[in-house]
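The values are calculated or read from the model by the stated rules, or taken from the named source; none is laboratory data. Here the structure is a predicted model, which means the values were calculated and not measured. In this analysis, Cβ positions are derived from the backbone assuming ideal geometry, glycine residues included, and neighbour counts consider all displayed protein chains.
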Amino acid sequence: MKTLIDVFREVLLERGIKSVGALSKRFRKSRDRLQEIALEVFNGKGAVFHIPEKTFIAWDLEGNRVEGSHYAYAPLCMAGKFEMVLGPEELHSKLPEWPYFIIDLYHWDRHSQREKGRLCLQVNLSYSVLRRYFTGRELAVTWINDEFRRMFNGPLNRITPYDGPTAEFLVEKGITEVVLLDPWADEVLSGKDFDTKAFIIGGIVDTSGTKRKTTPKIAEELEKAGIKVRRRKIVLKGDVSGVPNRINRILGIILKMIVEEKDMDEAVYEMQEPRHARWRLRKELPKHAIRYKVDGRPYRVVERELFDYYSSWLKIRPEDFMKVLRELDLIALDGRRIHHLNKISNVRIINGKAYRIILLKKAAMLCYNC
Ligand SMILES: C[S@@+](CC[C@H](N)C(=O)[O-])C[C@H]1O[C@@H](n2cnc3c(N)ncnc32)[C@H](O)[C@@H]1O
């Protein structure tokens, strides 16, 4: 899917423009200068002008610094002074129809004040995520009320706020079918879903665990109003555990899949924080545990090399691995040592579980050998 910067670049190239500068120092420190310039043009703040003398600095269309340019971004008030080569209206007319990314605040009243604050922050962060790819206007927030307006610190005028129900918003936009991101769904989100005109993410922050299974309720509401809902989950190697569940991160995953064409596991990895990775590791490590009884004392052991495997798809550092081992009361040993322990032990079933039994004398020999 084309991004705002792709469109901006295309239009400039059509006009034979290969670099753009600025008449002020404004964009010199920003990371995505061209995207920032394109956004300013989109928001009607300025335009690209042809100027008689080269600017002091400029950037090529990949964002690299070049010698000055005869084309520069400047505020719209310069329109009388220089010839405009790309202004807001024209940029608007060239933009494709991007889908809406809707944060549905249907469950707003079920949140504590603290959760409401977090929800507002996540909406704001979602705007920042979207404006890296598109314009930010594609972010719609439905069911908003006065309390949300008061608490929200972000730029309401640059997103699409809607006071009424999501279904009403969709009807107004002529949208009859949506994709609802739902961790409880049976089906996994895939490329087949990217044709939708609206993705819906539940505006839910669940720090207390009291809003379990609230996302499917959003689907019920929409279906009652005649909207067809495709419920889809995001998984990491087949399981929702380890998928970051904050709204802005879910949005980031979808955008990485749609725009950057990353596969789901890669997109999840890039949006993961170590704490999400630890959730999953807690589920994974016990699957590898080998039970030993050394002189009657039970131990559960895993291979130390598992760190290399799991760190290839979970964002864990050695300290995360150690933390999870401690929490689960597991011991990590080199594969070589485990192989040795297995050689000197016998398997016995105790209370339905398999244990490898080691006699103390043999264990002492093992330590001596190691
Ligand atoms: C913090 S989650 C709330 C989950 C809620 N407690 C529940 O049990 O339905 C916020 C939103 O992120 C989205 N989300 C979180 N994890 C997801 C996943 N693994 N797959 C799809 N969507 C997810 C959903 O839209 C969800 O409503």
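Among the residues examined, residue 179 qualifies as within 13 Å of the ligand (Cβ to nearest atom) and either in a strand (DSSP E or B) or among the aromatic types (Phe, Trp, Tyr) (or both).
When you scan the stretch 260-284, how many residues do you find that are surrounded by 17 or more Cβ atoms within 10 Å (Cβ to Cβ) and either among the small types (Gly, Ala, Ser) or touching a Phe, Trp or Tyr at 6+ places or on another chain (Cβ under 8 Å) (or both)? Final tally of qualifying residues: 5. The residue that is farthest from the ligand (Cβ to nearest atom), counting only those in the stretch 205-216 that are within 21 Å of the chain's Cα centre (by Cα) and not charged (D, E, K, R), is 207. Of the listed requirements (1) over 15 Å from residue 142 (Cβ atoms); (2) within 9 Å of the ligand (Cβ to nearest atom); (3) in contact with a helix residue (DSSP H, G or I) (Cβ under 7 Å, 6 or more places away or on another chain); (4) not charged (D, E, K, R), residue 202 misses just one: (1). Flag: residue 222 does not match the condition of being aliphatic (A, V, I, L, M), at pLDDT 95 or above and under 16 Å from the mean Cα position of the chain (by Cα).
Checked against (1) out of contact with any helix residue (DSSP H, G or I) (no Cβ under 8 Å at 6 or more places or on another chain); (2) more than 9 Å from the ligand (Cβ to nearest atom), residue 225 passes all but condition (1).
Do we find that residue 203 is more than 16 Å from residue 102 (Cβ to Cβ), buried (at least 21 other Cβ atoms within 10 Å of the Cβ) and either modelled with pLDDT under 95 or of a type outside the set (A, V, I, L, M) (or both) in this structure?
no
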